[in-house]
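One structure below.
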Amino acid sequence: MTETLDTLLAEIRACRHCAASLPLGPRPVVVANPKARLLIIGQAPGTKVHETGIPWNDRSGDNLRGWLEIDRETFYDPAWVAIMPMGFCYPGVLPKGGDAPPRPECAPLWHERLRAHLPNIGLTLLAGMYAQAAYLGKARQKTLTATVAAWRDYGPEVMPLPHPSWRSGNLLRKNPWFEAELLPDLRARVHDLFKEPGAAA
């Protein structure tokens, strides 16, 4: 590997590739450390994350941390958790409302290079349909709910999740298996990862 992680992160944070398409301008949000055990691939920052530069620093993040059963200190320790959304910058909203999709240029530019610097990832969470489309491809099901329901089929190192926004509430209410079966499995996997010695020394 010819580039260092610090060099790559500096390049990402200086990126202006999509500047003309970003309503609030570029502010890439990403967290990576070679020691990290858990990788979270979500959608793209919202306005609060854009303002603070802190990933998952909103109600969605609170929900996600609740699903994982880990506190903020652990969640924001890069020696435990790497965070790499499909789009690193706030993409704006759609004309009829709702979040715009992540910029399509972002993940192809950076994901493979970043993942090469994350050799200790034991579990990758794919939060939302954009991450699942990119990383599961033809293996995903016809709907997001069906993909999440088939979480056991994707092996011990990958788990699809709904995006933990308020919109996921309907999925959770209609599918009691999420809280009864998936969350205990998710928490057990995460807790097992964080028990392994030396990861966050």
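Each reported figure results from applying straightforward, stated rules to the coordinates on display, with no laboratory input. Worth saying up front: this structure is predicted, and the values here are computed from it rather than measured. Cβ placement follows ideal geometry from the backbone for every residue including glycine, while neighbour counts extend to all protein chains displayed.
Brief remarks on what is shown
- Sites matching trypsin sites (Lys or Arg not before Pro) across region 107-150 that sit in DSSP coil, with at most 14 neighbouring C-beta atoms within 10 Å: Lys142
- Neighbour-count ranking [beta-carbon atoms within 10 angstrom, fewest first] of Ser21, Ser165, Ser60: Ser21, Ser165, Ser60
- Taking 0.36 nm per residue of separation and subtracting the Cα-Cα distance, full extension of the segment from Arg187 to Arg59 would add 44.1 nm.
- As a size descriptor, the averaged projected area of the C-alpha convex hull of region 1-112 was calculated at 7.4 nm².
- Region 49-158 - convex hull of the alpha-carbon atoms, volume per residue in Å³: 136 Å³
- Note: relative contact order over the chain, using C-alpha pairs below 8 Å and six or more positions apart, is 26 percent.
- Stretch gain in nm, segment Arg16-Thr145, where the contour uses 0.36 nm per residue and the Cα spacing is subtracted: 43.0 nm
- If you take the alpha carbon atoms of the chain and fit the smallest convex hull around them, that volume is 125 Å³ per residue.
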